[in-house]
Structures are given as C-alpha cells and as structure tokens.
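Undergrad: Before I ask anything, let me first share the structure, which is written out below as structure tokens.
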C-alpha cells in the first residue's frame, strides 16, 4: 500500500534522511523505531508532504505522492496523528471530529462520531468541552479519532503514546489492535518496544537517517543486541 524508496530529505543545508526505504502492506501494522533525532518524524513529514523530499519516491496505492501538496496526500487516504496531538484547542470534542469528517472513497461503513466514541468511550464525558480541557490521554484519543474521521486507508501515528499514563497507553494499544483487526493499515512511531512487538507485524529501525535493521516482531524481540545498540538510552 505504501512504498518509500531512496528517500532523502533536508532542512535547509542539513540532510536528515539518507536513502530511507520501507513498505507498509494493506492491513499491516509497521513500526518505525529509533532514538530521538534519528529521522522518524522527518520521514513522516516527508510522506505527508510537509517536508519536500530531495530525492526518492513515495508511492501510495500504486500512485506517486511525493510531489503532491499535503492536502492532496491527505485526500488520497493517509490520516496523520501528529506528534504532540495538535488538536484544535478551542473546539469541542464534537467540533474537532466534525471538522475533518470526509468519506472521499465512499466507504460503505464510514467512520462517524458514534464509532469514534465506541472506540474511545472516555471522550463522551467531555464531548462538549474544549479540547484544551481534556487530559493528555483524551487529547491523544481525540487526535486519533479526528484522523479516523477522514476515513483513511493508512493511519500514521507519530509518537503514539509519548507522555501518557500506563493505563491510557494500554487503551491506545488496544484501540490500534482493534483497528488493525478491522483491516486498517497502520504506520506507528513509538518507543515502547514491548508493546510494539505484541501488536505490530514488522519493524524498521532508523539510525542517523538510515534504515539499519528491519524484521518481524519475533525477530526484534529475540535480538536483544539490536535493541541495546539502536534503541537503548
């Protein structure tokens, strides 16, 4: 569904990505791992057209998207849950969800507010509250719900559970498992290797803007040396 090949990206004269390559298949959950500053968020920004790639190709559903503006990429079926959530702080939960609602692919069972509340029941308690009054965990749930309301075919989460309480993290992982079971393709960035090896199919590790390891959850779980070398603090 998503194929990134030879991706290079820069901020001014500083090159951040060096020939990044990976794929995400339909219905698959893929994790992008690495320490802070290794290029994970830049990779996401390049996929979404926020940082224009200098070289390489990004193909989504057999169509090149690396030269498209961000809004066209979103319309093509990529839903982003950005790092830091970035919900609309002065809009209510309902307004945040309605603001992005679209069903461009004419899905037979599109995401609705009721479906989002079924996935995240705790959002119902603050349904009429401004987003900035929600807890951090609720804001993250709202950010995921907002992305789902675009009815994406690929959901991208940058730092899916960063800074969240353990119980909230567990709820986020449960929701992602549910979405995966429903057939949604997911690309996720997170530092929780234990959780990721339970729910993700495959993993790619970034080190200084390059993919240095890739493999299945079982392979990553068994390879303690790789975890210490590239993911340890």
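Undergrad: Do the conditions hold for residue 124, that is, is it modelled with pLDDT under 90 and either surrounded by fewer than 17 Cβ atoms within 10 Å (Cβ to Cβ) or closer than 18 Å to residue 48 by Cα (or both)? Let's see the steps before the verdict.
TA: Details: modelled with pLDDT under 90: yes; either surrounded by fewer than 17 Cβ atoms within 10 Å (Cβ to Cβ) or closer than 18 Å to residue 48 by Cα (or both): yes.
Spelling it out, residue 124 is indeed modelled with pLDDT under 90 and either surrounded by fewer than 17 Cβ atoms within 10 Å (Cβ to Cβ) or closer than 18 Å to residue 48 by Cα (or both).
Undergrad: For residue 81, state whether it is in contact with a helix residue (DSSP H, G or I) (Cβ under 6 Å, 6 or more places away or on another chain), touching a residue at least 24 places away in the same chain (Cβ under 8 Å) and more than 27 Å from residue 179 (Cα to Cα). Full working, then the answer.
TA: Numbers: in contact with a helix residue (DSSP H, G or I) (Cβ under 6 Å, 6 or more places away or on another chain): yes; touching a residue at least 24 places away in the same chain (Cβ under 8 Å): yes; more than 27 Å from residue 179 (Cα to Cα): no.
When the stated conditions are applied, residue 81 does not pass them.
Undergrad: Only one residue in 205, 186 is crowded, with 20+ Cβ neighbours inside 10 Å, touching a strand residue (DSSP E or B) at 6+ places or on another chain (Cβ under 6 Å) and either modelled with pLDDT under 95 or more than 13 Å from residue 28 (Cα to Cα) (or both), so which one is that?
TA: Numbers: 186 fails: either modelled with pLDDT under 95 or more than 13 Å from residue 28 (Cα to Cα) (or both).
Going through 205, 186 in turn, the sole match is 205.
Undergrad: I'd like to check something: does segment 148-166 contain any residue that is in a helix (DSSP H, G or I), under 16 Å from the mean Cα position of the chain (by Cα), buried (at least 19 other Cβ atoms within 10 Å of the Cβ) and touching a residue at least 60 places away in the same chain (Cβ under 8 Å)?
TA: Among the residues of segment 148-166, at least one is in a helix (DSSP H, G or I), under 16 Å from the mean Cα position of the chain (by Cα), buried (at least 19 other Cβ atoms within 10 Å of the Cβ) and touching a residue at least 60 places away in the same chain (Cβ under 8 Å), which makes the answer yes.
Undergrad: Considering 74, 99, which residue is under 20 Å from residue 149 (Cα atoms), in a helix (DSSP H, G or I) and in contact with a strand residue (DSSP E or B) (Cβ under 9 Å, 6 or more places away or on another chain)?
TA: Numbers: 99 fails: in contact with a strand residue (DSSP E or B) (Cβ under 9 Å, 6 or more places away or on another chain).
None of the other options fit; the residue is 74.
Undergrad: Out of 183, 215, report the one residue that is part of a loop (DSSP other than H, G, I, E, B) and farther than 25 Å from residue 86 by Cβ. Explain how you work it out, then say what you get.
TA: Values: 215 fails: part of a loop (DSSP other than H, G, I, E, B).
Selected residue: 183, the only one of 183, 215 that is part of a loop (DSSP other than H, G, I, E, B) and farther than 25 Å from residue 86 by Cβ.
Undergrad: Another question, then. Give the residue, chosen from 36, 90, that is touching a strand residue (DSSP E or B) at 6+ places or on another chain (Cβ under 6 Å), farther than 19 Å from residue 176 by Cα, surrounded by fewer than 17 Cβ atoms within 10 Å (Cβ to Cβ) and at pLDDT below 95.
TA: Details: 36 fails: touching a strand residue (DSSP E or B) at 6+ places or on another chain (Cβ under 6 Å).
Exactly one residue qualifies, and that residue is 90.
Undergrad: Going residue by residue through segment 105-119, is there one that turns out to be farther than 22 Å from residue 178 by Cα and either touching a residue at least 40 places away in the same chain (Cβ under 8 Å) or not in a strand (DSSP E or B) (or both)?
TA: Step one: filter segment 105-119 for residues farther than 22 Å from residue 178 by Cα, giving none.
The answer is no, given that none of the residues of segment 105-119 is farther than 22 Å from residue 178 by Cα and either touching a residue at least 40 places away in the same chain (Cβ under 8 Å) or not in a strand (DSSP E or B) (or both).
Undergrad: Taking the stated definitions as given, is residue 101 surrounded by fewer than 17 Cβ atoms within 10 Å (Cβ to Cβ) and free of Cβ contacts under 8 Å to residues at least 40 places away in the same chain? Don't jump to the end; show me each part of the working.
TA: Values: surrounded by fewer than 17 Cβ atoms within 10 Å (Cβ to Cβ): yes; free of Cβ contacts under 8 Å to residues at least 40 places away in the same chain: no.
Answer is no for this residue.
Undergrad: If you scan segment 62-83, which residues turn out to be surrounded by 13 or more Cβ atoms within 10 Å (Cβ to Cβ) and on the phi > 0 side of the Ramachandran plot?
TA: Answer for segment 62-83, where residues must be surrounded by 13 or more Cβ atoms within 10 Å (Cβ to Cβ) and on the phi > 0 side of the Ramachandran plot: just 77.
Undergrad: What residue, among those in segment 128-137 that are in a loop (DSSP other than H, G, I, E, B) and in contact with a strand residue (DSSP E or B) (Cβ under 7 Å, 6 or more places away or on another chain), is surrounded by the most Cβ atoms within 10 Å (Cβ to Cβ)?
TA: The qualifying residue surrounded by the most Cβ atoms within 10 Å (Cβ to Cβ) is 129.
Undergrad: I need the full set of residues from segment 39-59 which are more than 22 Å from residue 160 (Cα to Cα) and touching a strand residue (DSSP E or B) at 6+ places or on another chain (Cβ under 7 Å), in order please.
TA: Step one: filter segment 39-59 for residues more than 22 Å from residue 160 (Cα to Cα), giving 52-59.
Matches in segment 39-59: 53, 54, 55, 56, 57, 58, 59.
The values are calculated or read from the model by the stated rules, or taken from the named source; none is laboratory data. Just so it is clear, the structure is predicted and the values come from calculations on it, not from any experiment. Heads up, the Cβs are rebuilt from the backbone with ideal geometry, glycines too, and the neighbour counts pull from every protein chain shown.
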